[in-house]
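Asker: Could you have a look at this structure, given as structure tokens, before my questions?
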Amino acid sequence: MAHRVLICDDEVHILRAAEFKLRRAGWEVEVAGDGQEAWEKIQSQPPDIVVTDYQMPRLDGIELIQRMRQHAPTRHVPVVMLTARGFEMSPEELTQRWRVGAVMSKPFSPRELLRQVEQLVGPVHSTSPGSSLPAAPDQPLERTVP
Amino acid sequence: MRTARLLAAAGFVLAGSWVAADMAMLVAGHAAWPWRWLMVGCGLLVAAGSLALWRHLSSRDRRAVEHHLDALVSLDLRQLGQPTALADLPPLPPSSPWRPLAERLRQALAALGEQLQESHQRRAALEARLRRASQEVARARAVLEAISDPVLAVDGAGQVAMANRAARQLLDLDPAATEQRPLQRLSRCQELIDLLIDSSQGTLPAGRSNEVQVADPSGTVRSYRVHCGPLEASTGEQPPAGPGRGGAVAVLRDIGREQELRKRNAEFVSAVSHEMKTPLAGIKAYVELLAEGEAEEEQTREEFLRVIDGQADRLQRLIDNLLCLARIEAGVVEVNKKNGSLNEVLEEGVRVVQPAADAKSIHLDVQLSPLYLGVHADRDMLLQAAINLLSNAIKYTPEGGRVTIRSRLADDHVVFEIEDTGVGLDPEDCRRIFDKFYRVQKNHRMASGTGLGLPLARHIVEDVHGGRLTVHSVPGQGSTFAVTLPKSHNPGT
């Protein structure tokens, strides 16, 4: 069974590029146009990994992650954050406080995004999805990508 | 006169001798009685006449001296120094024995008069300098009072020596009792007090500036940059030796505005960066997908190329907007005004924003006047202003809402209004919404933006076209932006 990824961004063309790359790599892709829509989809069916933008209408990326970390079924779901913002929040804070697996700055490379996602969850054809999850819930998941 | 005196004296002596000789002759019996007595009588008459002459001469001399001295002492002391003051005195007889004394007296008075005159001149000069100094002090005080930055001086004893109007208002000081108020009794500004004490004790490097927080009488905490220095140094005097002996002066500069500007500039840079990175991200991602041969189908490749093209246009628009605003602000924009129809410009604006309205299911209600509304305007710039206002209304109106655009004639003006059923603005936001880079914090998440659209619209309407752009809003119900422009009478160019 293919891994499920939820991609959340208010820019349609970003969603489309990320979706295209991951789908071609064999991922089952779900998309959301803002944090609120993503949260509703996550609640109904938790994905294996979430790729989210930072600044979005209705519910931003941080609030989305906050809700995920307080919700038992999604507490350990890895997150990749895509952001065009420069200095509101440091990557260290994102990884340590919110346990974000990787932070990628826009403009981003779809190839690099796929690599990060596979590093956090494992390739689509790996036998044990989520094998790269941390042992302890509060431990930072992965190093950041500048 | 001297001769007359000698004659009188000689006459008196001769007559006396004559009388004495005749009396002797009478006693000796050498002459007949009647003749001798006649001679004695004549001698006595001559003696009496000589005596009367002597007394007359003496009396006239005394009167001349008295008159001279009276005139001398009656002189105005302030005129004694003048060369002609003593020239008009009544003359003394040359033979008067008082003449040398009167002369010495006159010389003494003349010297006194000169000293008095000199003293008067010095006094007048001092009075003039005092007047000038008083005027300079009054002018300096007026300048100090007019300075909008608070200025506060303390003496070596820690008393407030001077506070200008801004300082009195900030520190809530009573103007009548400002001076000689102990520094330590000032409240709400402990950091400032510490600085002044350090400066007056010489423990603060001269000219060093520090940032302090001071709460104004309303309780609002304001940030100030304080320049402190010894008070004596500013007056050119040498400070007294020993700690705590000199005073200090502090000039406070409100840096709240500066800090706000820095913050807004940082926010602007962040917003511009975000706005630029977003289309750039699209371009880079799709170029990579194409370059790596991910898009195998022709249709997909065409779709990706269209996205790249669209995102490049978006980037171009953002840069144009920034440049346009910068040019208008710098006053170097080229304006090409022609007479034309306002409704045509608005219709084109509606066509441009229609896709954005459709994407949010917002109903664009177009209610343009059936009349020809002529404006003398730069068509492209006016269209930019209309698009910015319409885009703003669409951005901050929730899905399913309504944006109405209407135009009308109003006396010598034409008016167009853009009304939305959006989130609305509170009075503070209405006041600041046209400030460059200002974004309403509570609506920040509704849409991305640089905070440039509305300032640019206002520049175009007011600075370029001499019109007026106003906003009326009810929080939670919506906003109406109204543009008033001068009407042009001739259609066409």
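Residues checked against (1) acidic (Asp, Glu); (2) in contact with a Lys or Arg (Cβ under 6 Å, 6 or more places away or on another chain):
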| residue | (1), (2) |
| --- | --- |
| A:63 | yes, no |
| A:68 | no, no |
| A:71 | no, no |
| A:80 | no, no |
| A:83 | no, no |
| A:93 | yes, no |
| A:97 | no, no |
| A:106 | no, yes |
| A:115 | no, no |
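Asker: Sticking with this one: Can you list residue pairs whose Cβ atoms sit under 6 Å apart, with the first residue in region A:44-62 being within 14 Å of chain B (Cβ to nearest Cβ) and the second being of a type in the set (Phe, Trp, Tyr) and assigned to a loop (DSSP other than H, G, I, E, B)? Count only pairs 6 or more apart in sequence or on different chains.
Answerer: These pairs meet every condition: A:61/A:54.
Asker: Has region B:291-301 got any residue that is surrounded by fewer than 17 Cβ atoms within 10 Å (Cβ to Cβ), away from chain A (no Cβ under 11 Å), of a type in the set (D, E, K, R) and under 19 Å from residue A:12 (Cα atoms)?
Answerer: Yes: one or more hits.
Asker: Going through A:76, A:3, A:13 one at a time, which residue ends up being touching a Phe, Trp or Tyr at 6+ places or on another chain (Cβ under 8 Å) and farther than 26 Å from residue B:283 by Cβ? Reasoning before the result, please.
Answerer: Numbers: A:76 fails: touching a Phe, Trp or Tyr at 6+ places or on another chain (Cβ under 8 Å); A:13 fails: farther than 26 Å from residue B:283 by Cβ.
Result of the check over A:76, A:3, A:13: A:3.
Asker: If you go through region A:75-97 one residue at a time, how many are surrounded by fewer than 19 Cβ atoms within 10 Å (Cβ to Cβ), in a helix (DSSP H, G or I) and either of a type outside the set (Asp, Glu) or within 14 Å of another protein chain (Cβ to nearest Cβ) (or both)? Even if it seems obvious, please write down each step before you answer.
Answerer: Just the residues of region A:75-97 that are surrounded by fewer than 19 Cβ atoms within 10 Å (Cβ to Cβ), to begin with: A:75-76, A:85-93, A:96-97.
Cutting the leftovers down to in a helix (DSSP H, G or I) gives us A:91-93, A:96-97.
Among the residues that remain, those that are also either of a type outside the set (Asp, Glu) or within 14 Å of another protein chain (Cβ to nearest Cβ) (or both) are: A:91, A:96-97.
Matching residues across region A:75-97 total 3.
Asker: Go through (1) of a type in the set (A, V, I, L, M); (2) modelled with pLDDT of 85 or more; (3) buried (at least 19 other Cβ atoms within 10 Å of the Cβ); (4) more than 27 Å from residue A:36 (Cβ to Cβ) and name the single condition residue B:423 misses.
Answerer: Status for residue B:423: all satisfied but (4).
Asker: Still on this model: If you go through region B:47-54 one residue at a time, do you hit one that is surrounded by 12 or more Cβ atoms within 10 Å (Cβ to Cβ), modelled with pLDDT under 75 and out of contact with any His (no Cβ under 8 Å at 6 or more places or on another chain)? Break it down stepwise before answering.
Answerer: Taking region B:47-54 and keeping what is surrounded by 12 or more Cβ atoms within 10 Å (Cβ to Cβ), we get B:47-54.
Now restrict to residues that are modelled with pLDDT under 75: none.
Scanning region B:47-54 turns up no residue that is surrounded by 12 or more Cβ atoms within 10 Å (Cβ to Cβ), modelled with pLDDT under 75 and out of contact with any His (no Cβ under 8 Å at 6 or more places or on another chain).
Asker: Continuing with the same structure: Going through region A:26-47 one residue at a time, which ones are surrounded by fewer than 21 Cβ atoms within 10 Å (Cβ to Cβ) and assigned to a loop (DSSP other than H, G, I, E, B)?
Answerer: The answer is A:26, A:33, A:34, A:45, A:46.
Asker: Whether any residue in region B:100-123 is more than 28 Å from residue B:3 (Cα to Cα) and exposed (fewer than 10 other Cβ atoms within 10 Å of the Cβ) is what I want to check.
Answerer: If we filter region B:100-123 for residues that are more than 28 Å from residue B:3 (Cα to Cα), which is where we start, we get B:107-123.
Right, trim to exposed (fewer than 10 other Cβ atoms within 10 Å of the Cβ) and you get none.
Scanning region B:100-123 turns up no residue that is more than 28 Å from residue B:3 (Cα to Cα) and exposed (fewer than 10 other Cβ atoms within 10 Å of the Cβ).
Here is a yes/no grid of residues against (1) at pLDDT 80 or above; (2) of a type in the set (Phe, Trp, Tyr); (3) more than 16 Å from residue B:279 (Cα to Cα); (4) in contact with a Cys (Cβ under 7 Å, 6 or more places away or on another chain):
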{"residue": "A:86", "(1), (2), (3), (4)": "no, no, no, no"}
{"residue": "A:93", "(1), (2), (3), (4)": "no, no, yes, no"}
{"residue": "A:99", "(1), (2), (3), (4)": "yes, no, yes, no"}
{"residue": "A:110", "(1), (2), (3), (4)": "yes, no, no, no"}
{"residue": "A:115", "(1), (2), (3), (4)": "yes, no, yes, no"}
{"residue": "A:118", "(1), (2), (3), (4)": "yes, no, yes, no"}
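Asker: Here is a list of conditions, (1) under 19 Å from residue B:278 (Cα atoms); (2) in the same structural domain as residue B:464 (by TED's automatic domain parsing); (3) not aromatic (Phe, Trp, Tyr), and residue B:344 meets all of them except one; can you say which number that is?
Answerer: Status for residue B:344: all satisfied but (1).
Asker: Among the listed residues B:407, B:479, B:391, B:473, identify the single one that is surrounded by 17 or more Cβ atoms within 10 Å (Cβ to Cβ), of a type in the set (S, T, N, Q), at pLDDT 90 or above and part of a helix (DSSP H, G or I). Break it down into steps so the answer makes sense when it comes.
Answerer: Values: B:407 fails: part of a helix (DSSP H, G or I); B:479 fails: part of a helix (DSSP H, G or I); B:473 fails: part of a helix (DSSP H, G or I).
Only one candidate qualifies: B:391.
Asker: Another one. With respect to residue B:332, is the statement that it is under 24 Å from residue B:462 (Cβ atoms), away from every other protein chain (no Cβ under 14 Å), assigned to a loop (DSSP other than H, G, I, E, B) and among the hydrophobic types (A, V, I, L, M, F, W, C) true? So that I can check it myself, show each step before the final result.
Answerer: Details: under 24 Å from residue B:462 (Cβ atoms): yes; away from every other protein chain (no Cβ under 14 Å): yes; assigned to a loop (DSSP other than H, G, I, E, B): yes; among the hydrophobic types (A, V, I, L, M, F, W, C): yes.
Here the answer is yes, as residue B:332 does meet what is asked.
Asker: Please state which of the following conditions residue B:271 fails to meet, knowing it meets all the rest: (1) buried (at least 19 other Cβ atoms within 10 Å of the Cβ); (2) modelled with pLDDT of 90 or more; (3) aliphatic (A, V, I, L, M).
Answerer: (2)
Asker: Checking the condition in contact (Cβ under 8 Å) with a residue 24 or more places away in the chain, out of contact with any helix residue (DSSP H, G or I) (no Cβ under 9 Å at 6 or more places or on another chain) and among the polar types (S, T, N, Q), which residue from B:388, B:392, B:321, B:343 passes?
Answerer: Working: B:388 fails: out of contact with any helix residue (DSSP H, G or I) (no Cβ under 9 Å at 6 or more places or on another chain); B:392 fails: out of contact with any helix residue (DSSP H, G or I) (no Cβ under 9 Å at 6 or more places or on another chain); B:321 fails: out of contact with any helix residue (DSSP H, G or I) (no Cβ under 9 Å at 6 or more places or on another chain).
Answer to the selection: B:343.
Asker: Give the residue, chosen from B:343, B:321, that is polar (S, T, N, Q), part of a helix (DSSP H, G or I), away from chain A (no Cβ under 14 Å) and crowded, with 19+ Cβ neighbours inside 10 Å.
Answerer: Working: B:321 fails: crowded, with 19+ Cβ neighbours inside 10 Å.
Only one candidate passes the filter, namely B:343.
Asker: Which of the residues belonging to region B:271-290 are within 7 Å of chain A (Cβ to nearest Cβ) and β-branched (Val, Ile, Thr)? Give the steps one after another, and end with the answer.
Answerer: Going residue by residue through region B:271-290, those that are within 7 Å of chain A (Cβ to nearest Cβ) are B:273-274, B:277-278, B:280-282, B:284-286, B:288-289.
Within region B:271-290, just B:278 meets the criteria.
Asker: State which residue pairs qualify: first residue among the aromatic types (Phe, Trp, Tyr) and inside region B:51-63, second residue surrounded by 12 or more Cβ atoms within 10 Å (Cβ to Cβ) in any location, beta carbons under 8 Å apart, and separation of 6 or more residues or different chains.
Answerer: Cβ pairs passing all conditions: B:54/B:5; B:54/B:8; B:54/B:9; B:54/B:12.
Asker: Can you spot a residue in region B:172-190 that is within 19 Å of residue B:229 (Cβ to Cβ) and modelled with pLDDT of 80 or more?
Answerer: Within region B:172-190 (the criterion being within 19 Å of residue B:229 (Cβ to Cβ) and modelled with pLDDT of 80 or more), the answer is no, since none of the residues qualifies.
Asker: Related question: Could you run through region A:2-18 and say how many residues are more than 9 Å from chain B (Cβ to nearest Cβ), surrounded by fewer than 21 Cβ atoms within 10 Å (Cβ to Cβ) and among the charged types (D, E, K, R)?
Answerer: Of the residues in that region, 1 qualify.
The values are calculated or read from the model by the stated rules, or taken from the named source; none is laboratory data. Quantities reported herein were computed from a predicted structural model and do not represent experimental measurements. Backbone-built Cβ (ideal geometry, glycine too); neighbour counts: all protein chains shown.
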